[in-house]
Amino acid sequence: MADLEQRLPLKNDSAHRLASLSKPITGTIIMDLASQGKLELDAPVKRYLPELPESYLEVTLRYLLDHQPGVRGYDKPMNVAFRVAHYPTSRDVLKTFMRLPLMFKPGTKIEYRPLSLTVAGAAAESVTGHSFRRLSSPGMGSVALPWTIPKPSFPSACGDIWLTPTRRLSSTVAGALI
């Protein structure tokens with residue numbers, strides 16, 4: 001079954017969740033924008049996302065990519081894994097967790113947290129004016145994936161990349177699983 005809850009059968013062209021495989025795509029987008037001078041890896045991410053609280057003044061893109069920013073993870077990961085909420089952009093996802101305090105002083109510890117790449121993706125959206133979906137589409141910088149972007153026929157967990165056997169991609173938010 002492609003979707004047990006909605007009883008949708010699995011077909012040859014069904015979308016499949018790729019989850020955290022969006023992280024290297026996000027990293028590639030960030031590095032491409034940095035090479036173009038649109039992002040600075042060691043600048044505070046708040047420069048690109050002024051809506052972030054003051055605690056993010058020490059968080060840089062480098063720390064986000066290196067899993068050193070102190071950004072919190074999910075309180076209940078299983079609730080997120082089965083969420084059907086959809087967020088059109090990474091910046092929309094930020095609103096759900098940015099008010100939580102950082103877990104540690106940025107740059108002092110390495111701890112994997114999926115939302116770090118969501119923050120990085122939101123910075124990319126900010127400087128380009130494009131959604132992560134658009135940034136990961138063909139013709140956008142060095143990512144230039146040769147895929148089209150379908151909309152899954154069922155609600156997706158926000159932030160996931162969906163790939164069909166015919167190489168179609170759907171991604172809405174950076175750094176899935178979000």
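The values are calculated or read from the model by the stated rules, or taken from the named source; none is laboratory data. Note that the coordinates shown come from a computational prediction; the quantities given were computed from them, not determined experimentally. Here Cβ is always computed from backbone atoms with ideal geometry, including for glycine, and neighbour counts include all displayed protein chains.
Residues that are part of a helix (DSSP H, G or I) and either hydroxyl-bearing (Ser, Thr, Tyr) or at pLDDT below 90 (or both) within the stretch 31-55 comprise 35, 55, listed in sequence order. For the stretch 15-30, a residue qualifies if it is buried (at least 17 other Cβ atoms within 10 Å of the Cβ), farther than 18 Å from residue 91 by Cα and modelled with pLDDT of 80 or more, and exactly one does: 28.
Each row is one residue, and each column tells you yes or no for (1) surrounded by 16 or more Cβ atoms within 10 Å (Cβ to Cβ); (2) in a loop (DSSP other than H, G, I, E, B); (3) at pLDDT below 90; (4) touching a Pro at 6+ places or on another chain (Cβ under 6 Å).
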{"position": "5", "(1), (2), (3), (4)": "no, yes, yes, no"}
{"position": "10", "(1), (2), (3), (4)": "no, yes, yes, no"}
{"position": "13", "(1), (2), (3), (4)": "no, yes, yes, no"}
{"position": "63", "(1), (2), (3), (4)": "yes, no, no, yes"}
{"position": "83", "(1), (2), (3), (4)": "yes, yes, yes, no"}
{"position": "91", "(1), (2), (3), (4)": "yes, no, yes, no"}
{"position": "98", "(1), (2), (3), (4)": "yes, yes, yes, no"}
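Does residue 105 count as farther than 20 Å from residue 25 by Cα and at pLDDT 95 or above? For residue 105, the condition - farther than 20 Å from residue 25 by Cα and at pLDDT 95 or above - is met. Determine whether the stretch 128-139 contains at least one residue that is farther than 17 Å from residue 52 by Cα, touching a Gly at 6+ places or on another chain (Cβ under 9 Å), surrounded by fewer than 18 Cβ atoms within 10 Å (Cβ to Cβ) and at pLDDT 75 or above. No, the stretch 128-139 has no match at all.
Listed by first and then second residue, the pairs linking a residue in the stretch 112-131 that is part of a loop (DSSP other than H, G, I, E, B) to a residue that is surrounded by 19 or more Cβ atoms within 10 Å (Cβ to Cβ) and of a type in the set (Asp, Glu), with Cβ atoms under 7 Å apart and 6 or more places separating them unless they lie on different chains, are 131/125. Among the residues in the stretch 114-126, are any surrounded by fewer than 16 Cβ atoms within 10 Å (Cβ to Cβ) and either modelled with pLDDT under 50 or not polar (S, T, N, Q) (or both)? No, the stretch 114-126 contains no residue that is surrounded by fewer than 16 Cβ atoms within 10 Å (Cβ to Cβ) and either modelled with pLDDT under 50 or not polar (S, T, N, Q) (or both).
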